[in-house]
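Just below is one structure, and these are the notes that go with it.
The values are calculated or read from the model by the stated rules, or taken from the named source; none is laboratory data. Remember, predicted model here, so these are calculated numbers, not experimental data. No Cβ is skipped: glycine too gets one built from the backbone with ideal geometry, and neighbour counts run over all protein chains shown.
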Amino acid sequence: MKITRAEVEHVSRLARLALSEAELDSLTDEMDAILDYVEQLKTLDTEGIVPTAHAVPMENAFRPDEIRPGFTPEQALSNAPDRADSAFRVPRIIE
Amino acid sequence: MIQRYETVIGLEVHVQLTTNTKIFCSCSTEFGQTPNSQTCPVCLGLPGALPVLNRKAVEFAIKTGLATNCRIAPRSIFARKNYFYPDLPKGYQISQFELPVCEHGWLDIELEGGDSKRIGITRAHMEEDAGKLIHGDKPEAAGSSLVDLNRACTPLLEIVSEPDMRSSEEAIAYLKKLHQIVVYLGVCDGNLEEGSFRCDANVSVRPYGQEAFGTRAELKNINSFRFIKQAIEYEVERQIDLIEGGGKVIQETRLFDSNTGMTQSMRGKEEAHDYRYFPDPDLVPLVISQEWIEQVRATLPELPDAKRARFVEELGLSAYDAEVLAADRALADYFDACVMLAKDAKTCANWIMGDVLRKLKETGESIADVPVSPQLLNGLMARIADNTISGKIAKTVFEKMWQSGQTADQIINAEGLKQVTDTGEIEVLVDEVIAANPDQVAEYLGGKDKLIGFFVGKVMQASQGKANPGMVNQLLKKKLTGN
């Protein structure tokens, strides 16, 4: 096995995913298969090849430093589950 | 007490870049606006929004990299740093991980006693800032935190030093140097309180002679140089006490509390250190040509070290004067402009470090809005040099120039402050003073030479400060001793 069930559980917690026991089992198998495939790729000789950071052969997409209008506070908050004045309100994060 | 432990400090500084817009979108970066009034789909992390890199932010990063002796990476990439926190709408921060824009730099700091020490800079990478959390005590905030995303996506350059500092003094010297440079470059406003220049300190201790580093604590939440020093010193003591007491330092993030002067463990973020970085597919690689680097290099201003050296070597200032005048770019420019006009650098330095800085401090104004321009100050210095006014009257004239913005000549003429250099006029006053103080005259003639100051003072007073002090002195001596 390339990955343990405990590792899958750990990663799901980091990603805030609530997985059932059955899902944990099947995901462990699936991720194991993916890692197996990666192992296979690792046998290729990549000496002297620049790592691919992006799938599209493109570089330097820039914008000029010019202000453009964005949302009003009302628009920004229109999907907010909770708010106070023009701020998003979330459960208290520190004591 | 014999110090048995050596302190090891590495610093991570977040420099907020002074671009008009955010790093990946066109929202304004202005500080202190209504919460969530400077947002758009990109910085709110709405589905489908695409970040596009601000070219100016790259230019500022190159500029800072060059000024801190870094190698500018010909190719760098952006990565996602994944963690959940309410101030981070996307659930990840766009940062740089494997290939940062700047690497392998250094700064020389001056230590007490005049020695200097080289502090390595590991890397500097570009990233976006998070939003701001407000944990108010207001009733509407009870049991909740408020989120303002105006700051989200503001460009930062995180500059990471090597663990090269061995005391809080060295750490502060490094920070002040870096601060001075980024402000000189104009890439950061340098405001610590508003969070434009933020510092995290990695602090550990180890017994002298031990090569391996001790376990470090990361200190956060410190917004002044004084507090950084305090936080480091507290943390060093805490770690030594812990080790001496048989305990172990654990690697953790600790928050500094400026009210108690102590650092406290930050709970519940242990797992957050598993950031699972990966290249951001939304952003293409950043390629910086040698040509672009040279273009930016050509715009670098004279940096503080070079300026200080020039002030000492070419203008003959003392190391102290050079330090004070070069500390602030606007002040140094003001000084340079004065020297250009007046030639006499030492006199310019004295006026600026004395009266100009004193007035600025009194009025709370900055050198940028100084009412006495280099031209005006030069006009005043010229009237002292040609004996039109005495140094003492010049102070009065300076004061009036500051208030009115008038030239020295206008004030001298309007107020009749021209120095009296007419021998006859001064002689009359000298005679009067001698006649009015027979006792002091007798004492002076009896050998109490110091009394000459008393007579000069009296004559100057009688002339309302306008008599030429040198002439007064000369005439007094002549009259008193009768030759």
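Key figures for this structure:
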quantity	calculated
Residues within the range B:28-42 that are within 7 Å of chain A (Cβ to nearest Cβ) and either on the phi < 0 side of the Ramachandran plot or surrounded by fewer than 19 Cβ atoms within 10 Å (Cβ to Cβ) (or both), tallied	7
Residue among B:GLY447, B:GLY405, B:GLY465 that is buried (at least 17 other Cβ atoms within 10 Å of the Cβ) and on the phi > 0 side of the Ramachandran plot	B:GLY465
In the range B:111-142, residue modelled with the highest pLDDT [restricted to those that are more than 30 Å from B:PHE60 (Cα to Cα) and over 25 Å from the mean Cα position of the chain (by Cα)]	B:HIS135
Among (1) part of a loop (DSSP other than H, G, I, E, B); (2) modelled with pLDDT under 90; (3) surrounded by 15 or more Cβ atoms within 10 Å (Cβ to Cβ); (4) not hydroxyl-bearing (Ser, Thr, Tyr) - the single one B:ARG267 does not satisfy	(3)
Selection status of B:CYS25, over 29 Å from the mean Cα position of the chain (by Cα), more than 19 Å from B:ILE288 (Cβ to Cβ) and buried (at least 22 other Cβ atoms within 10 Å of the Cβ)	yes
Selection status of B:THR388, modelled with pLDDT under 85, out of contact with any strand residue (DSSP E or B) (no Cβ under 6 Å at 6 or more places or on another chain), of a type in the set (Ser, Thr, Tyr) and more than 30 Å from B:CYS348 (Cβ to Cβ)	no
Sole residue being modelled with pLDDT of 95 or more and within 20 Å of B:ILE119 (Cα to Cα), chosen from B:LEU175, B:LEU149	B:LEU175
Matching entry among B:THR388, B:THR347 (being without any contact (Cβ under 8 Å) to a residue 40 or more places away in the chain, in a loop (DSSP other than H, G, I, E, B) and assigned by TED's automatic domain parsing to the domain that holds B:LEU315)	B:THR388
Filtered residues of the range A:65-95 (kept if among the hydrophobic types (A, V, I, L, M, F, W, C) and at the interface with chain B (Cβ under 7 Å from one of its Cβ atoms))	A:ILE67, A:PHE71, A:ALA76, A:LEU77, A:ALA84, A:ALA87, A:PHE88, A:VAL90, A:ILE93, A:ILE94
Any pair with Cβ under 8 angstrom, 6 or more apart, that starts in the range B:281-307 at a residue that is within 14 Å of chain A (Cβ to nearest Cβ) and ends at one that is of a type in the set (S, T, N, Q)	B:VAL284/A:ASN60; B:PRO285/A:ASN60; B:PRO285/B:SER76; B:LEU286/A:ASN60; B:LEU286/B:SER76; B:VAL287/A:ASN60; B:ILE288/B:SER76
Checklist (1) more than 7 Å from every other protein chain (Cβ to nearest Cβ); (2) closer than 30 Å to B:SER76 by Cβ applied to A:GLU21, failing item	(2)
Exclusive hit being loosely packed, with under 10 Cβ neighbours inside 10 Å, of a type outside the set (Asp, Glu) and either more than 24 Å from B:SER76 (Cα to Cα) or without any contact (Cβ under 8 Å) to a residue 12 or more places away in the chain (or both), set A:ALA61, A:ALA55	A:ALA55
Every pair of residues 6+ apart whose Cβ atoms lie under 9 Å, when the first sits in the range B:43-69 and is on the phi > 0 side of the Ramachandran plot while the second is buried (at least 21 other Cβ atoms within 10 Å of the Cβ) and among the β-branched types (Val, Ile, Thr)	B:ASN69/B:ILE121
Tally, over the range B:50-79, of residues that are in contact with a strand residue (DSSP E or B) (Cβ under 7 Å, 6 or more places away or on another chain), within 12 Å of chain A (Cβ to nearest Cβ), of a type outside the set (Val, Ile, Thr) and not in a helix (DSSP H, G or I)	8
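Residues checked against (1) aromatic (Phe, Trp, Tyr); (2) modelled with pLDDT of 90 or more:
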residue	(1), (2)
A:ARG5	no, yes
A:VAL8	no, yes
A:GLU30	no, yes
A:VAL38	no, yes
A:LEU41	no, yes
A:LEU44	no, yes
A:PRO51	no, no
A:PHE88	yes, yes
